[in-house]
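Written out below as structure tokens is the structure these notes cover.
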Amino acid sequence: MPSCRDLRRTACPPPATVALPLGFALALALATSALRAQAPGPGVTSASLSAAPVLRVVDPAYMDRTANACTDFFQFANGGWLAHDTIPAAYSSSGVARDMSDGNELVVRAVLEDAAARRSAAPAGSTLRKLGSFYASCMDSSAAEHAGLGPIRPELDQIDALGSRGDLVPAIAALQRRGATALFDYTPLPDPHDAAHYMVWLSQGGLGLPDRDYYTDRGASADSTRRQYVAHVARLLSLAGETPEAARHDADRVMRLETALARASLTRVALRAPSAVDHPMPVARLRTLAPGLDWPRYARLAGLSATVARVNVAEPAFFHRADSLLRAAPLADWRAYLRYHLLAQSARWLSTPFVQEDFAFSRRFTGAKAMLPRWKRCARETDGDIGEALGEAYVARTFPPEAKTRARTVIDDIRSAFRTRLQHLPWMSDSTRTFALEKLDRMHEKVGYPDRWRDYTRLVVGDSEPFVRNVARAAAFEWDRVVDRPGSPVDTTEWGMTVPTVNAYYDPGKNEMVFPAGALLPQTFDPRADDGANYGSLGASWAGHELTHGFDDAGRHFDAAGNLRDWWTARDSAAFEREAHRVVRQYDGYIQVDTFHVNGSLTEGENIADLGGVLTGYDALERALERDGRPGPIDGFTPEQRFFLGYAQSFRTHTRPEEERTRVTVDPHAPERWRVNGPLSNSTAFAAAFGCTAGDPMVRPAADVPHIW
């Protein structure tokens with residue numbers, strides 16, 4: 001699976017996501033050129049766009065000069081800001097991610113409100129009209145209130161009418177196509193042993209809580225979460241018309257089924273090993289593994305018409321258990337399960353009681369005290385569902401060509417520095433080194449925005465009807481766009497994140513790094529800033545981080561072409577694992593929140609990437625200074641000091657404890673304080689830059705320092 005920097009606490013994208021068919025660029029260019037010619041929409045003035053906070057890659061005002069840089073560098077770099085920050089009620093955290101996303105969303109809002117205002121004049125079927133209608137229907141809260149449960153009533157009735165086990169397959173396929181959770185996940189992804197072609201991936205899924213551990217953990221907190229979940233399921237079912245008693249019984253049915261699925265699911269730590277989810281098999285074997293699920297019928301109903309000979313069943317034991325539940329669990333249990341997941345997927349866009357119940361339960365995991373304003377929720381949903389329809393207009397307002405050129409220079413310098421490190425690793429043999437250098441040379445990156453934009457011709461958007469239907473249509477559009485991919489060549493042009501996203505990722509199946517334009521703005525990167533700041537932020541914590549993912553504990557198992565293949569000698573593999581285990585032990589020792597420690601095994605890959613990013617980013621800075629000249633101190637700091645400040649301030653974050661507790665279980669990233677202090681305490685260059693000496697908390701004992709990349 002791809003690894004991402006995850007500034008927004010969002011999930012990484014799937015390995016194969018968006019495709020960008022030819023023939024669309026001209027149509028979208030015409031639509032967005034009109035958008036660019038207009039003033040911001042009625043709710044977003046030029047003044048409000050300029051009112052977004054002015055961000056710098058390194059801002060001395062954020063620092064705590066009373067803190068000792070050699071004791072807690074995160075506090076030294078960010079403590080002044082932390083002392084005065086208050087997390088807004090609607091957020092689970094604040095900091096770089098919120099500041100950058102808020103600024104990006106103002107631009108997105110301007111694009112969307114302009115499209116909504118002019119949709120009636122746009123040609124029928126045009127992308128501009130669909131974009132405006134999608135957003136406008138979301139903003140029409142009165143339509144949602146008036147419609148109530150009506151928009152999904154026909155689907156609920158179909159679920160209630162399920163009369164035999166043979167009816168379950170159509171119901172599961174229908175829910176999956178409209179974006180709802182239903183038993184397992186179907187995704188066309190690159191074949192792990194032929195990365196140039198797609199194949200069917202079947203993966204564990206079907207849970208309503210954030211992770212399988214919420215069903216299996218013991219203790220008062222886990223018991224409380226499960227009780228609250230059952231109560232939440234019952235409330236949603238009751239809102240949908242069930243009597244309180246029936247809703248309670250059905251909620252117990254849902255919990256019983258999901259607990260059985262959770263117990264058959266692999267943990268997140270186990271899923272980190274690529275070999276754990278590598279189980280290609282002939283379709284005939286799949287039918288033997290799970291005979292109760294009519295696979296030919298499922299494929300037909302899902303829209304898969306391609307001839308499929310092999311599938312990758314990522315977790316065979318899960319599908320064996322899911323099959324037994326399909327054949328043995330009472331139909332009443334399945335009806336309750338499917339009904340709830342349809343409601344859960346739809347609730348946030350139904351009438352107020354459903355929206356409030358959805359938020360009331362989700363806040364247990366985020367700590368948010370209030371909902372985001374509706375325009376923000378609608379902007380995020382539009383970006384997530386049909387984001388490339390607004391991407392070009394967003395880029396025109398935020399990301400000039402010179403910014404893309406400067407960003408590529410930093411990324412190229414990172415690549416060159418990593419190559420030098422590979423060439424001089426003392427623990428790596430020449431045999432393994434040859435393959436590693438080939439992988440680095442063939443690794444490519446996408447910077448800013450796609451070369452061509454998605455074709456939305458087949459997307460149907462209702463102009464004046466409840467938004468929940470348009471969400472379902474957008475999900476079905478995306479499903480239909482990719483469902484028939486198995487056997488076809490992998491589309492190497494597609495992006496797994498939309499242009500305004502404040503994030504980045506590395507995809508091992510394509511051996512590529514992706515940096516959306518939304519992340520290549522201050523505070524992450526500023527083409528006008530000094531090299532010390534930019535190489536510490538974009539260079540180390542973004543480009544160096546993502547590049548290192550190609551060689552972390554999971555990424556190293558993929559070759560230059562993206563195939564899952566062991567190109568390591570046994571001796572080199574053992575050396576890597578020995579050093580990687582030092583990273584695991586280091587982070588196991590850190591406190592995440594309360595008495596919970598960081599899970600060093602879950603966060604291993606991200607921690608390796610952070611360390612590699614710091615080391616490589618620093619090397620790249622020194623080369624850039626030698627090539628381009630060394631400036632004098634800026635704000636009293638040398639280029640090297642600004643490098644480490646840029647790195648630390650790129651993780652400027654303040655997080656609610658509820659969110660931190662959730663992250664212990666589900667997030668492969670360590671808390672931001674340890675993403676700063678952890679790798680920097682392993683860096684001799686950091687110690688030299690700030691005069692730290694042995695025995696200081698920011699100087700890790702030499703015997704404990706990992707030496708990987």
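Once the piece of chain linking Asp194 and Leu331 is laid out straight, how much longer is it, given 0.36 nm per residue of separation minus the C-alpha distance between them? Write out the running numbers ahead of the final one.
On the way: separation 137, 0.36 × 137 = 49.32 nm, distance 4.00 nm.
Full-extension gain reported as 45.3 nm.
HN-Hα J couplings of the stretch 127-143 from phi, Karplus 6.51/-1.76/1.60, θ = phi - 60°, integer Hz, Gly and Pro as x?
Result, ordered by residue: 4, 4, 5, 5, 4, x, 5, 4, 5, 4, 5, 5, 6, 7, 5, 5, 5 Hz.
So what is the relative contact order for the chain, in percent, with contacts set as C-alpha pairs under 8 Å and at least six apart? Don't jump to the answer; show the numbers that get you there.
On the way: 1235 pairs, mean separation 162.5, N = 709.
Rounded, it is 23 percent for the chain.
How are the Cα pair distances of the stretch 411-479 distributed, in percent, across 10 Å bins from 0?
Computed distribution, short to long bins: 15, 26, 15, 14, 18, 10, 2.
Average the reciprocal distances over every distinct pair of alpha-carbons in the stretch 78-170, invert the result, and give the Kirkwood radius in Å.
On the way: mean 1/r = 0.0563 Å⁻¹.
One decimal place: 17.8 Å for the Kirkwood radius.
Using a basic spin-label model with each label point 7 Å from the Cα along Cα→Cβ, how many nm lie between Gln228 and Val269?
Placing both labels 7 Å beyond Cα along the Cβ direction yields 2.5 nm.
Work out the FRET efficiency for His424 and Asp588 from their Cβ-Cβ distance, taking R0 = 30 Å, and round it to the nearest 0.05. Working shown, then result.
On the way: r = 30 Å, r/R0 = 0.99.
With R0 = 30 Å, the Cβ-Cβ based efficiency is 0.50.
Report the gain in length on full extension from Glu438 to Asn68: 0.36 nm times residue separation, minus Cα-Cα distance, nm rounded to one decimal.
Details: separation 370, 0.36 × 370 = 133.20 nm, distance 4.27 nm.
Length difference between fully extended and current span is 128.9 nm.
Explain nothing, just compute: Karplus ³J(HN,Hα) = 6.51 cos²θ - 1.76 cosθ + 1.60, θ = phi - 60°, for every residue of the stretch 521-528 in order, whole Hz, x for Gly and Pro.
Once rounded to whole Hz, the list reads 10, x, 8, 5, 7, 9, x, 8.
I'd like the projected area of the stretch 328-385, averaged over all directions, using the convex hull of its alpha carbons. Report it in nm² with one decimal.
Details: hull surface 22.1 nm².
So the mean shadow area of the Cα hull is 5.5 nm².
Arranged by the count of other C-beta atoms within 10 angstrom, fewest first, what order do Thr493, Thr243 take?
Values: Thr493 14, Thr243 10.
Fewest-to-most Cβ neighbours within 10 Å comes out as Thr243, Thr493.
Per the helix-only calculation at 222 nm, which mean residue ellipticity applies to the chain, given -39500 (n - 2.57) for every DSSP H run of n ≥ 4 and division by its residues, nearest 500 deg cm²/dmol? Display every interim value, and only then the final one.
On the way: 30 runs with 363 residues, N = 709.
My calculation for the chain gives -16000 deg cm²/dmol from helical runs alone.
Report the Cα centroid-to-centroid distance between the stretch 572-643 and the stretch 445-497 in angstrom, as an integer.
Taking the Cα centre of each part, the stretch 572-643 and the stretch 445-497 sit 36 Å apart.
In nm, what is the difference between 0.36 nm times the number of residues separating Arg397 and Asp484 and their Cα-Cα distance? Spell out each step's value before the answer.
Details: separation 87, 0.36 × 87 = 31.32 nm, distance 3.56 nm.
Taking Arg397 through Asp484 to full extension adds about 27.8 nm, to one decimal.
May I ask for the Kirkwood hydrodynamic radius of the chain, worked out over all distinct Cα pairs and given in angstroms to one decimal?
Here the Kirkwood hydrodynamic radius works out to 26.5 Å.
For the stretch 356-370, take each phi angle, set θ = phi - 60°, evaluate the Karplus expression 6.51 cos²θ - 1.76 cosθ + 1.60, and give the result in whole Hz per residue in order, putting x for glycine and proline.
My calculation for the stretch 356-370 gives 5, 5, 4, 5, 4, 7, 5, 5, 4, 9, 10, x, 4, 9, 8 Hz in order.
For the stretch 165-349, treating each Cα as an identical point scatterer without solvent, what Debye log10 I(q)/I(0) comes out at q = 0.12, 0.13, 0.19 1/Å?
Computed log10 I(q)/I(0) values: -0.60, -0.70, -1.37.
Taking the Cα centre of each part, how many Å lie between the stretch 238-274 and the stretch 90-132?
With the stretch 238-274 and the stretch 90-132 each reduced to a Cα centre, they are spaced 35 Å.
When a footprinting reagent is the concern and you count Cβ atoms within 10 Å, what order do Phe73, Phe643, Phe435 take, fewest first?
On the way: Phe73 25, Phe643 32, Phe435 15.
Taking fewest neighbouring Cβ atoms as first place, the list is Phe435, Phe73, Phe643.
Measuring from centroid to centroid over Cα atoms, what is the spacing of the stretch 138-159 and the stretch 298-376 in Å?
18
Please list, in chain and number order, the residues 5+ apart from Met199 or on another chain whose amide H is under 5 Å from its amide H, with Hs placed from the backbone.
Leu189, Asp191, Gly487
Output the peptides 115-121, 244-250, 502-508, 407-413 sorted from most to least packed, where packing is the average of other Cβ atoms within 10 Å over each peptide's residues. Intermediate results must be reported in sequence, preceding the final value.
Working: 115-121: 18.1, 244-250: 16.1, 502-508: 26.9, 407-413: 20.0.
Per-residue Cβ counts within 10 Å, averaged per peptide and sorted highest first, yield 502-508, 407-413, 115-121, 244-250.
Take Thr684 and Thr307, extend 7 Å from each Cα along the Cα→Cβ direction, and tell me the distance between the two endpoints in nm.
So the label points at Thr684 and Thr307 sit 6.1 nm apart.
Tell me, Ser141, Ser346, Ser681 in order of fewest to most beta-carbon neighbours within 10 Å?
On the way: Ser141 15, Ser346 26, Ser681 22.
So the ranking, lowest neighbour count to highest, is Ser141, Ser681, Ser346.
Quick check: the angle from helix 220-239's long axis to the longest principal axis of the chain, C-alpha only, nearest 10 degrees?
Roughly 40 degrees, rounded to the nearest 10.
Among DSSP bridges having both ends in the chain, what percentage is antiparallel? Round to the nearest 5.
Working: 24 of 32 bridges.
Around 75 percent of the beta bridges assigned by DSSP in the chain are antiparallel ones.
Where a number appears in this text, it was derived from the coordinates with a stated rule and is not lab data. These numbers come from a predicted model, not from an experiment. Heads up, the Cβs are rebuilt from the backbone with ideal geometry, glycines too, and the neighbour counts pull from every protein chain shown.
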